[in-house]
Amino acid sequence: MFAAQQEQKQHQPLLKRSSHPYLTNATAPFAVNGSGLPEVNFDIGESYAGSLRIGNSSTDSLFFWFVPTTNPSATDEIVIWLNGGPGCSSLGGLFHENGPVLWPAGTYAPVRNTYSWSNLSNIIWIDQPISTGFSTGNATATNEDDVADQFLGFWRNFMDTFELKGRKIYITGESYAGMYAPYIASAMIQQNNTEYYNVNGLMVYDPSIGYDGVISQAPAFSFVNQNRNFFPFNDTVNAQINNISASCGLDAFMQTALTFPPKGPLPPPPSTYDELYDYENCDIYDILFTAIFELNPCFDIYQIGQQCPLLWDTLGLPYSYSSSYLPPGFSEPYFNRSDVKVAIHAPQNITWQFCLPGEENPFVGGESDTSPPSGLPDGPLKTVIEKTNNVIIGHGTLDFVLFANGTLATLQNLTWNGVQGFSEYPGKPFYVPYHEHTMESMAGAGVMGRWVEERGLTFVLTELAGHFLPQGAPSAAYRHLEKLLGRIESLDEVSPYTTQRGVEQPEEMLGNGTAWEKREANLVERRDQVHIKAYGRDSA
């Protein structure tokens, strides 16, 4: 296939580049007709999609969709987006979160995305590792180092094909990209080659950066308490989870972990992967998961608040019953349609799935990734922070997959640029500009969360968002990207979007928001209660 593709590139005449500045003999085979996407009734503009080989391989390739921007501030940069899983296609991010066209779950037709990241910069969505989405070949990766090696082989070919050498690179993603992105960024940095691997920043949402016991188990009870309206458990369940969180050491661990500044390295985390941990009696997450689905069979772990009936999903998101629920006329996910595959130069012989099914993953033999979490004290996240001084970790407050306080606890045990953790709890108001939007693509404005930034690392909590942050709060994610790219100085800056400079903003700051003030007060009260219970009222 690659030989034929190369021959096609050599003999195809150069096309006119008036409105397509990236169109060359080399890129023409990847050109997408912006007004020819099935079901999409508008032109998405210049874009390129298809498969590019990894290094010199004749069998292994990664699939991409590259959407250039017309923003004059982005001529020397490119942003990479990676979905997680492991084994979930980044086309899910493009079509549900931050691409130029969206088809949200439960809606009639695709719409133009006011908050497409391609309005700000050149964006590429990449299916990786091998066997994810439309990416094909021999799945030989056993760990994140293997994944990074494959990615760098693909990336060099992409940079050559589209003549992008020397560009500033910003790597972004969500969920298991909390593993992918730091390992890939660190591998690029180690190449010491700014022609191909000029990493200037990293941003990951609701990321897998720590142990399961820290990011999913220990914070579970406090999350339920913060969101009682969505977890109306009876007295028996409430007593059970309260007892587990206390007796299994989860409360005490979180009390220590969420100390600002930290008093030293954290104790070993309660972990369901630890042979000494009482998995049978202490798996609080599994108990909560079972109990909430009995109350609300349409509960959405990715963004709490979903009620019945289930919303049908154009991409067949593999969760609960929604993966098999498609209305009449829609027999398969959008990207598995033959006409869609033709439009984006995807392989016809691949059955596209948002994520690999069941227990499958893109590592050898379906086994688990053998790499340690990226956010451990000696992990790649530390390297990327210290080399770029431009890392953002965002977290939706409605995420029931990975908890914001678990991510924050992981960071409190990390030392970067000579100091451990943050010195203070995220307390600065995160301001999202008032802006122009359409009825099809609407999103909020004002104070939508809290943030803290110290020594090159920003942690931002975002309200009204869950695990897929750009999907739940697209206007907030748009602002995050402006910060990553250096278009604004601070997340509490009261200024319009850099792409909508004429929109007026309030003359005075809006305060911190009563919801956050109340939440933080409750958090302090719960910490005090846990401390008294564990150590006595008079202990320091």
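Of the residues making up region 172-190, at least one is within 30 Å of residue 160 (Cβ to Cβ), surrounded by fewer than 19 Cβ atoms within 10 Å (Cβ to Cβ) and among the polar types (S, T, N, Q). Filtering 237, 224, 214, 199 for residues that are aliphatic (A, V, I, L, M) and not in a helix (DSSP H, G or I) leaves a single hit, 199. Taking residue 173 as the residue in question, decide whether it is part of a helix (DSSP H, G or I), small (Gly, Ala, Ser), within 30 Å of residue 28 (Cβ to Cβ) and in contact (Cβ under 8 Å) with a residue 24 or more places away in the chain. The answer is no for residue 173. Could you please find all residues in region 233-248 being crowded, with 19+ Cβ neighbours inside 10 Å and either touching a Leu at 6+ places or on another chain (Cβ under 9 Å) or within 25 Å of residue 459 (Cβ to Cβ) (or both)? Matches in region 233-248: 237, 241, 244, 245. Remark: residue 69 falls outside the filter, which requires a residue to be hydroxyl-bearing (Ser, Thr, Tyr), closer than 16 Å to residue 118 by Cβ and loosely packed, with under 13 Cβ neighbours inside 10 Å. Residue count for region 144-180, restricted to those that are within 17 Å of residue 363 (Cβ to Cβ) and not hydroxyl-bearing (Ser, Thr, Tyr): 11.
Within this structure, residue 219 passes the test of being buried (at least 24 other Cβ atoms within 10 Å of the Cβ), over 19 Å from residue 372 (Cα atoms) and not basic (Lys, Arg). Just so you know, in region 300-352 the residues that are among the polar types (S, T, N, Q), at pLDDT 80 or above and farther than 17 Å from residue 38 by Cα include one that is farthest from the chain's Cα centre (by Cα), and it is 349. Residues in region 391-403 that are surrounded by fewer than 24 Cβ atoms within 10 Å (Cβ to Cβ) and either free of Cβ contacts under 8 Å to residues at least 40 places away in the same chain or in contact with a strand residue (DSSP E or B) (Cβ under 8 Å, 6 or more places away or on another chain) (or both): 392 only.
Selection of region 143-170 for residues being assigned to a helix (DSSP H, G or I), more than 21 Å from residue 59 (Cβ to Cβ) and among the charged types (D, E, K, R) yields only 144. In the set 45, 34, 84, only one residue is crowded, with 22+ Cβ neighbours inside 10 Å, part of a loop (DSSP other than H, G, I, E, B) and assigned by the TED database to the domain that holds residue 157; that residue is 84. Sort through 395, 437 and tell me the only one that's of a type outside the set (Gly, Ala, Ser), in contact with a Ser or Thr (Cβ under 6 Å, 6 or more places away or on another chain) and assigned to a loop (DSSP other than H, G, I, E, B). Just a single option satisfies the conditions, and that option is 437.
You will find that of 448, 442, the residue that is in a strand (DSSP E or B), under 21 Å from the mean Cα position of the chain (by Cα) and in the same structural domain as residue 172 (by the TED database) is 448 and no other. Among the residues of region 259-284, which ones are at pLDDT 95 or above and in contact with a helix residue (DSSP H, G or I) (Cβ under 6 Å, 6 or more places away or on another chain)? Residue satisfying the conditions is 262 alone. Once region 117-142 is narrowed to residues that are aliphatic (A, V, I, L, M) and in a loop (DSSP other than H, G, I, E, B), the residue that is nearest to residue 92 (Cα to Cα) is 130. Looking at 115, 108, just one residue is assigned by the TED database to the domain that holds residue 168 and either free of Cβ contacts under 8 Å to residues at least 40 places away in the same chain or at positive phi (or both), and that residue is 108.
A quick yes/no check of all residues on (1) at pLDDT 95 or above; (2) touching a Gly at 6+ places or on another chain (Cβ under 8 Å); (3) not small (Gly, Ala, Ser):
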| site | (1), (2), (3) |
| --- | --- |
| 478 | yes, no, yes |
| 481 | yes, no, yes |
| 490 | yes, no, no |
| 493 | no, no, yes |
| 524 | no, no, yes |
| 531 | no, no, yes |
| 537 | no, no, yes |
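Here the condition is being polar (S, T, N, Q), assigned by the TED database to the domain that holds residue 94 and without any contact (Cβ under 8 Å) to a residue 60 or more places away in the chain; of 243, 200, 229, 193, it holds for 193 alone.
The values are calculated or read from the model by the stated rules, or taken from the named source; none is laboratory data. Everything numeric here is computed off the predicted structure, so don't read it as measured data. With ideal geometry, Cβ positions are generated from the backbone for all residues, glycine too; neighbour counts draw on all protein chains shown.
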